[in-house]
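FYI, it's all coordinate maths here, none of it is from the lab. For clarity, every value in this text was computed on a predicted model and none was experimentally measured. Cβ: placed from backbone, ideal geometry, glycine included. Neighbour counts: every protein chain shown.
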Amino acid sequence: MNKAVTEGLILMPPPFADGLTAWSSGDGTPGSPDYDGAANAAYVPSDPDFEGCLELLKTASTQKLRWKGNTPVINGLYLRVTAQVKAMSGSLPSVRIAGFAATSGDAAVGGVVVNGPSTTLTTYGEIVEVSAIIATANRTGVDMNWHGVHHGHVGLDLTGANGGVVRIDDIQVEDVTSFWLRDMMDWVDVRDYGAVGNGSANDYNAFTAAAAEAVASGRTLLVSEGAYYIGSTLTLECPVRFQGTLVMPSDARLQCAKNFDFPTYAAAFGSEGLGLRKGLQALFWYTDHDTFDLRGRRIVLDAPIDLAETTGLDSYAIRRVLRNGLIEVNEGSPWDSYTVNSQATYSTSQSGVLTNVSNIANVPVGARVSGSGVGREVYVKARNISNGTLTLSQPLYGAQGTQNYSFEKFQYVLDMSGFGTLERFEINNVEFQCKNIASALNLSKDGPIFSVRHCTFNRPKDKAITSIGRGCQGMLVDNCIFLSSEAPVRSQDRVSVAINVNANDVKLRSNLVQRFGKFAVMAGTYHLIEGNHFYHGDNEQNAVRQSGIVLTYPNTVTSITGNYVDNTFFEHTNEHDATPNWGGEYSFGGLSITNNVMLVSNTLSGFKFIVVKPYGTGHFLSGQIVTGNVFRTVNATPNRPEGVDTTHADLDYSRFRNVIWANNTYNGISTQTESPMTIRHNQSSAAHNWTISTGGRLPYNGWARTVSALVMEGQANDGGNTVRTAMPYVNIQQGSNNNQIRLTWPSATRGRVVITIRGDNPL
């Protein structure tokens, strides 16, 4: 590279033969004295060593020689100034290249080096060459760093004793940029534009100038070795390659427009964790990219990422995506969960709030709440220290009054709970390698359509995906793998939860879940649970099993279709109801369980595939459809597929409506539930009253509430084989368990009847 050629720059001063008016004994600025006619200077045309030279008598402590012309100083341009000097007589001085560093207005630029290395003349008549390199870069080999200089007046200095006479050949100025840069380089180095790289001097302006040149010339920006402090947000609209690293304030963003991906940010900050944080920070501020790509990299993380703190935001509503990599937790104290104990008061009149909370300043937002009368997966959504109140993610079913609570704060790889609202954030094809050290994701307090696709949650310590508020509204969890850290633990001893939700419209589809305590604890309504395989078994014999999916809203309006339910069961409760006794609202219903494969092995006979657990009195079923499922057992003999957990209360069987159990397949289950249930009853001896038992096969061993069909197979006869043509009437809800039907005939009759009985009243 030679700008004298490529850009026509005038670098070379005129020869002394052209006259001495161009040469100053001062700084070389306009108006400074020149050597033309000076008593101590003369042009010598016939020196045997030089083809014309300047003879100069040293009369000042620093005898200056400066060209009065302007030598341009340009970013990326390296100039070598050379002079040949020999002593003729008198005292032997020292000589050095020197110059005056000027602004565009010829004012002096302070704080720059204005002279090169000094050489002392030791012998008369010996030619000594001195040189120095001038550039705007802080590089090895640069003698005079003129960053911020517009132009200079170059020449040399004579120092030392006065009275010596020297002769000076014509001064040379040449472009030596190629010493550092190859002739056809495809990059622009920030050091060529004045970047210092000492970790403290603000190199922002040098970076922006170098980036502008890279954009204009279509080249890559090179951040060469060093630690560059950038004091404010930096946007680079060109490709960038990092050999050195950046140091930036936490609120200053790096926005790489042309290679916005994790490898670039990891190289930029020399840290995988900080690179990920800075990349996410830019993702939520920079509009040119909607996706931060990890490029298949493994990232080792030493501490949780608080996404709101990292971005400096508390709300966001534009689609953003994190994808394609593995985030691994590195063991350390930042991942430690902790528990705070406190006394508080709960009232059903403020069903979502704890009041008079002691020690409230130490109770963290996002902590899970435990205590008497507290349902599963209840979290602190917000905190008001001055009022002494905590806002909860769900009401408490039985905590009226004052008591002690425990608040446990888990640590998450990516914690979004600092956002009041976060909408349409997606995570795709990312593995969270939690190593039983940390949980994975904590959602925002509010905001719809959080999406997780094709991700793997590998051994989260406590939770995979936690919702402390309504940030799960419309959440999509598709094609993910959840691998528990509790796989070796007995089923009944596991406490981990893969997912919990508080809001509506959640879709869990085509996921694999292995040996968690719970796959999902789901408040809210209108959920779709489709095509998942969730396995919660263990290696025990006569084992206990936990529920895999818990629905905590009684009228759940949820469809569960085409799942492989493996050694676990569905549980339907109302544990997140502050007044759990039925009070006129919709009761348990809105649940469709269809076309699932349900398998259990090596379990106790009391196991049930579907369990309803009312936390208050007066509840009933109103809309439960269970059709087309396969119930299968291996080395187990459950006595029926469904049941009621009466720990707190039983159901009101007299009020069942729209309860359909039909077209299911049973293998190894003694009582095969059905409703409507069709029975063929043979009455071998004539009787006025025929008692027909449902054998406990109605759903939940319920009442025989409706006869929807009755047909005689063959003729009805009396005891003497006389045909009877009269019809019987039906009495429902007979027997001590109300699960029998009585047919009453006008006279004693025998025969065979086919009758359809329901455990509900559909009318």
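Take every pair of alpha-carbon atoms less than 8 Å apart whose residues are at least six positions apart; their mean separation over the length of segment 338-409 yields a relative contact order of 44 percent. Legend: Rg and Dmax of segment 699-749, from Cα coordinates, 13.4, 41 Å. The residue list 321, 82, 136 was ranked by how far each Cα lies along the charge dipole of the chain toward its positive end, using unit charges on Cβ atoms, and 321 comes out on top. Each of 92, 427, 206 was placed along the dipole of the chain (beta-carbon charges, centred on the mean Cα), and the one lying farthest toward the positive end is 427. Rank 644, 412, 220 by how far each Cα sits towards the positive end of the charge dipole of the chain (+1 on Lys, Arg Cβ; -1 on Asp, Glu Cβ) and give me just the farthest. So the residue we want is 644. Taking a straight Cα-Cα cut-off under 18 Å and skipping sequence neighbours fewer than 8 places away in the same chain, the lysines within cross-link reach of residue 278 are 258. When peptides 712-725, 335-348 are sorted by average Cβ neighbour count within 10 Å, with the highest value leading, the order is 335-348, 712-725.
For the pair segment 569-616 / segment 690-763, the C-alpha centres are spaced 30 Å from each other.
Centroid-to-centroid, using Cα positions, segment 640-674 and segment 437-507 are 29 Å apart.
Taking the 0 to 90 degree range and rounding to the nearest ten, how far is the long axis of helix 272-283 tilted relative to the main principal axis of the chain, both from C-alpha atoms? Orientation of helix 272-283: about 80 degrees from the principal axis. Taken about its Cα centre, the chain carries a charge dipole of roughly 4360 debye when the Cβ of each Lys and Arg holds +1 and the Cβ of each Asp and Glu holds -1. Excluding same-chain neighbours fewer than eight residues apart, the aspartates and glutamates reachable from residue 507 by a Cα-Cα span under 15 Å are 426, 478, 530. For the chain, the fraction of alpha-carbon pairs lying more than 34 Å apart is 64 percent, rounded to a whole number. Using the alpha-carbon positions of segment 349-454, Rg (one decimal) and Dmax (whole number) come out as 15.4, 47 Å. Using the Cβ-Cβ distance between residue 761 and residue 680 with R0 = 25 Å, the FRET efficiency computed as 1/(1 + (r/R0)^6) comes to roughly 0.60. Once Rh is set to the Kirkwood radius over Cα pairs, what Stokes-Einstein translational diffusion coefficient, in µm²/s, holds for segment 656-759 at a temperature of 4 °C and a viscosity of 1.567 mPa s? Rounded, D is 91 µm²/s.
Helical content of the chain, expressed as a calculated mean residue ellipticity at 222 nm, amounts to -1500 deg cm²/dmol (DSSP H runs of 4 or more residues, -39,500 (n - 2.57) each, divided by residue number, nearest 500). Across segment 444-452, rounded Karplus estimates of 3J(HN,Hα) from the backbone phi angles (6.51 cos²θ - 1.76 cosθ + 1.60, θ = phi - 60°) give 5, 5, 8, x, x, 6, 6, 10, 10 Hz, Gly and Pro being marked x. Listed by chain and number, the lysines whose C-alpha is less than 19 Å from the C-alpha of residue 58, apart from same-chain residues fewer than 8 away, are 86. Shape call for segment 612-661 from the C-alpha gyration tensor, a ≥ b ≥ c root eigenvalues: rounded (a/c under 1.5), prolate (a/b greater than b/c) or oblate? Oblate, because a/c is 1.5 or more while a/b does not exceed b/c.
Say a paramagnetic label sat at a point 7 Å from the Cα of residue 646, along Cα to Cβ; which residues of segment 732-763 have their backbone N under 12 Å from it? Only 737 pass the distance filter.
For residue 297, the residues whose modelled amide H falls within less than 5 Å of its own, excluding neighbours fewer than 5 places apart on the same chain, are 326. Our coupling estimate for segment 75-87, obtained by passing each phi through the Karplus curve with A = 6.51, B = -1.76, C = 1.60 and θ = phi - 60°, is 4, x, 9, 10, 10, 10, 9, 10, 9, 10, 9, 9, 7 Hz, Gly and Pro reported as x. Averaging the sequence gap over all C-alpha pairs within less than 8 Å and six or more residues apart, then dividing by the number of residues, gives the chain a relative contact order of 6 percent.
The HN-Hα couplings worked out from phi for segment 155-163 by the Karplus form 6.51 cos²θ - 1.76 cosθ + 1.60 (θ = phi - 60°) are x, 8, 10, 10, 10, x, 5, 7, x Hz, whole numbers, x standing for Gly and Pro.
With a cut-off of 18 Å on the backbone N, the residues of segment 74-96 near the modelled label site 7 Å out from residue 123 along Cα-Cβ are 84-95. Stretched out straight at 0.36 nm per residue, the stretch from residue 542 to residue 317 would grow longer than its current Cα-Cα span by 75.9 nm.
Per the Kirkwood formula applied to alpha carbons, segment 3-179 shows a radius of gyration over Rh ratio, Rg over Rh, of 0.95. Translational diffusion coefficient of segment 438-546 (Stokes-Einstein, Kirkwood radius from Cα pairs, 25 °C, 0.890 mPa s): 177 µm²/s.
Based on Cα contacts under 8 Å between residues 6+ apart, segment 484-667 shows a relative contact order of 17 percent.
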